[in-house]
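Novice: First, the structure itself, so that you have it in front of you.
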Amino acid sequence: MSSTETLLKTLLRNPYSIKSISQAKQLHAQIIKTNTTHLNLYHESLIGFNAFHPSLPSLALKSIIRCYTSNGLFLQTLTAFVKMWDSGDYPDHNVFPSVLKSCTHLMDLRFGESVHGCVIRVGLDSDLYTGNALMNMYSKLETSGGNGGLSDVACQVFDKMPRLGNVVGNDMCFEVSSDGNMVHFGRNLDRERVAGGSTMGCSMKTSYVSPQSNKQTGFFDRFGGMSNKVSRRNGENGALLMYNVRKVFEMMPKKDLVSWNTVIAGYAQNGFYKEALNMVREMGSASHLQPDSFTLSSVLPIFAEYVDVMKGKEIHGYAIRHGLDTDVYIGSSLIDMYANCTRVEDSCRVFNLLPQPDSVSWNSVIAGCVQNGAFDEGLKLFRQMLMAKIKPVNVSFSSIMPACAHLTTLHLGKQLHGRIIRGGLDDNLFIASSLVDMYARCGNIKTARWIFNDMEQNDIVSWTAMIMGCALHGHANEAISLFGQMEMEGVKPNSVAFLAVLTACSHAKMVEEAWQYFNSMVRDYGISPGLEHYASVADLLARAGKLEEAYGFISRMHIEPAGSVWSTLLASCRVHKNIELAEKVAEKIFSLDPNNTGAYVLLSNTYSAAGRWKEAAKLRTIMRDKGTRKKPACSWIEVNNEVHAFVAGDKSHPCYDKINEVMTILLEVMEREGYVVDTNEVLHDIEEEQKRELLCSHSERLAIAFGIISTPVGSTIRVTKNLRVCVDCHIATKFISKIVGREIIVRDNSRFHHFRDGKCSCGDYW
DNA sequence: ATAGGGTTAG
């Protein structure tokens, strides 16, 4: 504490040292000028001080209230307000906006309603600033439920706090409908009508001191209040929602741009999109006011959610014409809107044009990239953000973590986790869920489970992350058991959760169980299956060898099957060498997508596998004529933060000689132990020895061989492939894992095969 | 006194 502050405190503690109002005013001015960290202390002192100088308190309290609010000391604001009210002094138009703002931040609707009562009583209900603050409060705190205004969660917080005294026998001012909702307010209502209801008023006899005065922030983040755009999107069912905002608005004799913007934002945030847009129009016609940056950044999220890029662009154009396109608020909304419309490049363009991107702009563009699958770009931007000295916040971590999860870069994820813990952010629901997902996807199920168990509440997202992690890594039984536990704990599965459990079934060849879940989803939960659910079941049937059944299932889908759904069946036709069906399926794919090169290759390989070289060659000719090229199968492994990628027959790696040496030795041992190269699947027009060589230089095997020579003995080898693992490689890797005594994890886009001691976690179900 | 960004998807 500085010497000035000490002096001030001493003066305040010795009220007799102050002799006149003017001296007091000087002191007071000094308090406001001084650093406000210890405002709390000053306030306490001031209260004592007031007792000796009864003429002073109102003056001091009035300015200190504004001071508290502008420094985020919202509870102190309310305490001071109560003191002021108690002292019988009327607050003025400077006080109410601050007090109402504090109520809004503390999510205390009931206190706010009381304050509204005071506003009316004092006769300030026509004050512009006060009205605006009132509308803001109602639009943020009122929910559609009939519980008198507070959401369940908010009630829990609220009930723990000391309340104001009961309101009995005052001349206040709310009319209450039978369901407890306030439907009208006004002055001088008949006392009798108010008495029996659940009315709140403003006889503030008790003081308002919360035990939580040290922890004033955090409500919003923890309970997803107004900082969460999803949680308040409940406009469909809330007839009463926005009623009071509207009412205040209509009663305001003077409205300015802020008033309009507040109502528009209220409508937009509560899901009344049509009304919000109508108000923008009305604002122009009725008041000749032009939309400003506030208006636009309230409206843009509507088009983001509607995925209406044309309307979004209109706004963008308007912003440019009015020189508002470099505004960070509009910029962030535009970034989000474009990203939501899957136009990440446009998001980046907007971002790059911002002269001074702030934390939210950075987080918007990072989230935009990650949500559209541009993981590397997201990570790059995250690093740039750190270099720009922008401190990562909650949102930053939960936005970037999925990038680590999908790239399975465990070391990066762990680094971020470290930062999260050091920042004390690990109890955030979003962050914890994203961590569970990251660890689970990286195969670190134990750590995922540990974080999962440590969470205060497990919602559908964290459950699903857990289930999906188990499913992808072949722990089907654990996934299914988790799903059961989730249902038992009353967490209702959604379509993503069902997808996760179906994936688990699919990975373990559990056909019966899959049907059960598929049917239960429709029957018990009324969720209609999406493309992914169909794809998952079809994939399961096909891999299980029930090819005809899979064909029938896909044919009977009630939505158009995408090429990808047919493709998994085609891949299985190849594995099971069913040419007739493969031809039928390929036909379907070509009718949907004539240039699907993957299908040409698969069909051609199916012919090869069955020894029908002519047809295979014919297809390759067609492909060549069409000029289409399949993206080559590619595998990669990360060693020391460096990615080493391989394609089949790849001799370009600097360590190729070593790799080749290892593979030759391995092949010898493998064949001695019973491995037979399945040469059937390769082209017929090359020598047998060449076939062997070709097979033994699959991209997966090159990557594994490199892993063997470049990573510590005993450590896990992690390889990723951009296509499905092939059968021959699968068998070979089982041998390799046993011979070198290492765990090998091969990921083929969607599933992880854990090879250990000659076995694979998937039970040879490829 | 008003506005923008986040977790699960074979």
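Novice: Considering only the stretch A:484-510, how many residues are of a type in the set (Asp, Glu) and in contact (Cβ under 8 Å) with a residue 12 or more places away in the chain?
Specialist: Number satisfying all stated conditions: 1.
Novice: Out of curiosity, is A:ARG574 crowded, with 16+ Cβ neighbours inside 10 Å, of a type in the set (D, E, K, R) and under 28 Å from A:VAL746 (Cβ atoms)?
Specialist: Spelling it out, A:ARG574 is indeed crowded, with 16+ Cβ neighbours inside 10 Å, of a type in the set (D, E, K, R) and under 28 Å from A:VAL746 (Cβ atoms).
Novice: Select, from A:PHE430, A:PHE397, A:PHE382, the only residue that is of a type in the set (Phe, Trp, Tyr), over 25 Å from A:GLU642 (Cα atoms) and free of Cβ contacts under 8 Å to residues at least 40 places away in the same chain.
Specialist: Exactly one of A:PHE430, A:PHE397, A:PHE382 is of a type in the set (Phe, Trp, Tyr), over 25 Å from A:GLU642 (Cα atoms) and free of Cβ contacts under 8 Å to residues at least 40 places away in the same chain, namely A:PHE430.
Novice: Condition first: closer than 18 Å to A:PHE81 by Cα and within 16 Å of DNA strand B (Cβ to nearest atom). Now tell me which residues in the stretch A:119-130 satisfy that.
Specialist: Result: A:VAL119, A:LEU124, A:ASP125, A:TYR129, A:THR130.
Novice: May I ask you to say which residue of A:ALA448, A:ALA465 is free of Cβ contacts under 8 Å to residues at least 24 places away in the same chain and buried (at least 23 other Cβ atoms within 10 Å of the Cβ)?
Specialist: A:ALA448
Novice: Looking at (1) closer than 15 Å to A:ALA571 by Cβ; (2) touching a helix residue (DSSP H, G or I) at 6+ places or on another chain (Cβ under 7 Å); (3) within 16 Å of DNA strand B (Cβ to nearest atom); (4) not hydroxyl-bearing (Ser, Thr, Tyr), find the lone condition where A:VAL727 falls short.
Specialist: (3) is the only condition that A:VAL727 fails.
Novice: OK, next. When you scan the stretch A:382-394, do you find a residue that is at pLDDT 95 or above, within 7 Å of DNA strand B (Cβ to nearest atom) and within 15 Å of the chain's Cα centre (by Cα), even just one?
Specialist: The answer is yes, given that some residue of the stretch A:382-394 is at pLDDT 95 or above, within 7 Å of DNA strand B (Cβ to nearest atom) and within 15 Å of the chain's Cα centre (by Cα).
Novice: Right, next: Go through the stretch A:535-560 and report how many residues are crowded, with 21+ Cβ neighbours inside 10 Å and either within 31 Å of the chain's Cα centre (by Cα) or in contact (Cβ under 8 Å) with a residue 40 or more places away in the chain (or both).
Specialist: Within the stretch A:535-560, residues that are crowded, with 21+ Cβ neighbours inside 10 Å and either within 31 Å of the chain's Cα centre (by Cα) or in contact (Cβ under 8 Å) with a residue 40 or more places away in the chain (or both) number 7.
Novice: If a residue has to be in a helix (DSSP H, G or I) and within 9 Å of DNA strand B (Cβ to nearest atom) to count, how many in the stretch A:488-519 make the cut?
Specialist: Final tally of qualifying residues: 10.
Novice: If you don't mind, another one. Mind listing just one residue for me: the one in the stretch A:723-747 that is part of a loop (DSSP other than H, G, I, E, B) and at pLDDT 90 or above and, of those, nearest to A:GLY598 (Cα to Cα)?
Specialist: A:GLU743
Novice: Also: Name the residue, out of A:GLU456, A:GLU489, A:GLU532, that is more than 22 Å from the chain's Cα centre (by Cα), surrounded by fewer than 23 Cβ atoms within 10 Å (Cβ to Cβ) and of a type in the set (D, E, K, R).
Specialist: Result of the check over A:GLU456, A:GLU489, A:GLU532: A:GLU489.
Novice: Determine if the stretch A:421-439 includes at least one residue that is over 15 Å from the mean Cα position of the chain (by Cα), surrounded by 23 or more Cβ atoms within 10 Å (Cβ to Cβ) and more than 10 Å from DNA strand B (Cβ to nearest atom).
Specialist: Checking the stretch A:421-439: at least one residue is over 15 Å from the mean Cα position of the chain (by Cα), surrounded by 23 or more Cβ atoms within 10 Å (Cβ to Cβ) and more than 10 Å from DNA strand B (Cβ to nearest atom).
Novice: Now for a separate question. Looking at (1) over 30 Å from A:ILE717 (Cα atoms); (2) within 16 Å of DNA strand B (Cβ to nearest atom); (3) more than 37 Å from the chain's Cα centre (by Cα), which is the one condition that is false for A:ARG574?
Specialist: (1)
Novice: Okay, moving on. Exactly one of these conditions fails for A:ALA367: (1) crowded, with 19+ Cβ neighbours inside 10 Å; (2) at pLDDT 95 or above; (3) aliphatic (A, V, I, L, M); (4) away from DNA strand B (no atom under 11 Å from the Cβ). Give me its number.
Specialist: (4)
Novice: Please determine whether any residue of the stretch A:342-362 is away from DNA strand B (no atom under 13 Å from the Cβ), in contact with a helix residue (DSSP H, G or I) (Cβ under 9 Å, 6 or more places away or on another chain), assigned to a helix (DSSP H, G or I) and closer than 21 Å to A:ARG419 by Cα.
Specialist: no
Novice: Can you name the condition, by its number, that A:SER298 falls short on among (1) small (Gly, Ala, Ser); (2) under 28 Å from A:THR130 (Cβ atoms); (3) more than 10 Å from DNA strand B (Cβ to nearest atom); (4) assigned to a helix (DSSP H, G or I)?
Specialist: (3)
Novice: Same structure, new question: Is the stretch A:307-325 home to any residue that is more than 13 Å from DNA strand B (Cβ to nearest atom), of a type in the set (Gly, Ala, Ser) and on the phi > 0 side of the Ramachandran plot?
Specialist: Yes.
Novice: Any residue that is more than 44 Å from the chain's Cα centre (by Cα) and of a type in the set (Phe, Trp, Tyr) - is there at least one of those in the stretch A:612-635?
Specialist: Yes, the stretch A:612-635 contains at least one residue that is more than 44 Å from the chain's Cα centre (by Cα) and of a type in the set (Phe, Trp, Tyr).
Novice: Let me ask something else. Any chance you could count how many residues in the stretch A:452-471 are over 11 Å from A:ALA504 (Cα atoms), more than 9 Å from DNA strand B (Cβ to nearest atom) and not aromatic (Phe, Trp, Tyr)?
Specialist: Final tally of qualifying residues: 7.
Novice: So which of A:VAL537, A:VAL522 is assigned to a helix (DSSP H, G or I), among the β-branched types (Val, Ile, Thr) and more than 13 Å from DNA strand B (Cβ to nearest atom)?
Specialist: Only one candidate qualifies: A:VAL522.
Novice: Hey, another quick one. Regarding A:ASP256, is this residue near DNA strand B (Cβ under 7 Å from one of its atoms), surrounded by 24 or more Cβ atoms within 10 Å (Cβ to Cβ) and of a type in the set (D, E, K, R)?
Specialist: Against the criterion (near DNA strand B (Cβ under 7 Å from one of its atoms), surrounded by 24 or more Cβ atoms within 10 Å (Cβ to Cβ) and of a type in the set (D, E, K, R)), A:ASP256 does not qualify.
Novice: Quick test of your reading of the structure: A:LEU109 fulfils all but one of (1) over 21 Å from A:ILE64 (Cα atoms); (2) surrounded by fewer than 22 Cβ atoms within 10 Å (Cβ to Cβ). Name the failing condition by number.
Specialist: Result: A:LEU109 passes all but (2).
Novice: Go through the stretch A:669-704 and count every residue that is at pLDDT 90 or above, touching a Ser or Thr at 6+ places or on another chain (Cβ under 9 Å) and either among the acidic types (Asp, Glu) or surrounded by fewer than 13 Cβ atoms within 10 Å (Cβ to Cβ) (or both).
Specialist: Total satisfying the criteria: 1.
Novice: Let me ask something additional. Looking only at the stretch A:637-675, which residues are of a type outside the set (Val, Ile, Thr) and in contact with a His (Cβ under 6 Å, 6 or more places away or on another chain)?
Specialist: Within the stretch A:637-675, just A:ALA648 meets the criteria.
For every residue, the table says whether it meets (1) β-branched (Val, Ile, Thr); (2) assigned to a helix (DSSP H, G or I); (3) surrounded by 15 or more Cβ atoms within 10 Å (Cβ to Cβ).
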| residue | (1), (2), (3) |
| --- | --- |
| A:ILE589 | yes, yes, yes |
| A:PRO594 | no, no, no |
| A:GLY598 | no, yes, yes |
| A:GLY611 | no, no, no |
| A:SER635 | no, no, yes |
| A:HIS653 | no, no, yes |
| A:THR664 | yes, yes, no |
| A:LEU667 | no, yes, yes |
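The values are calculated or read from the model by the stated rules, or taken from the named source; none is laboratory data. All of these numbers come straight from a predicted model, not from anything done at the bench. Here Cβ is always computed from backbone atoms with ideal geometry, including for glycine, and neighbour counts include all displayed protein chains.
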